[in-house]
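Trainee: To start, I am sharing the structure in question, which I have written as structure tokens.
Computed from the coordinates by the stated procedures, all read-outs in this text should not be read as laboratory data. None of these values were measured; they are calculated from a predicted model. Neighbour counts are summed over all protein chains in view; Cβ atoms, including those assigned to glycine, are modelled from backbone coordinates with ideal geometry.
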């Protein structure tokens, strides 16, 4: 087998595996981190609470963190279900908007200097990879068929 043929076979494998691996990876991250919030063990709870105090005055944080954790678990589960992409991608977008909030609303906790994120800031910025995986999954959807 030539180097070119090996290259072609590797690319074919990755094309076939990319969406299932992305789905499973997103499931693990969202379900696991969501579950940690639900059971009160999330290391992100402090940042989430401080952001909550700046933005959501109409409910208690104890209720919110459980709701948010369940929301994350739901996103994770939906990524496993073929055909649920048109539901989960908008939910992912909503989640990402809220997740990036601390970069704006809590700059003292997410930036140590201009363009130098703290550990919490790095944790948030890595969500760009999650967005890229979501875009990769969405790019494999077939267009909706319009019925007249």
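Trainee: Modelled label-to-label distance, residue 12 and residue 81, 7 Å Cα→beta-carbon offset: nm?
Mentor: Each label point is offset 7 Å from its Cα along the Cβ direction, giving 3.4 nm.
Trainee: If you fit an axis through the alpha-carbon atoms of helix 3-38 and take the longest principal axis of the Cα set of the chain, what angle between them do you get, 0 to 90°, nearest 10?
Mentor: 20 degrees
Trainee: Suppose the chain between residue 35 and residue 135 were pulled fully straight at 0.36 nm per residue; how much longer would it get relative to their current alpha carbon spacing?
Mentor: Details: separation 100, 0.36 × 100 = 36.00 nm, distance 2.42 nm.
Value of the extension gain: 33.6 nm.
Trainee: Shape call for region 20-138 from the C-alpha gyration tensor, a ≥ b ≥ c root eigenvalues: rounded (a/c under 1.5), prolate (a/b greater than b/c) or oblate? Walk me through the numbers on the way to the answer.
Mentor: Details: a/c = 1.98, a/b = 1.34, b/c = 1.48.
Oblate is the answer for region 20-138, as a/c is 1.5 or above yet b/c matches or exceeds a/b.
Trainee: Tell me, how many Å apart are the Cα centres for region 1-57 and for region 88-148?
Mentor: 11 Å
Trainee: Tilt of helix 85-99 relative to the longest C-alpha principal axis of the chain, in degrees (0 to 90, nearest 10)?
Mentor: Once rounded, the angle reads 40 degrees.
Trainee: Against the longest alpha carbon principal axis of the chain, how many degrees, from 0 to 90 and to the nearest 10, is the axis of helix 45-55 turned?
Mentor: 70 degrees
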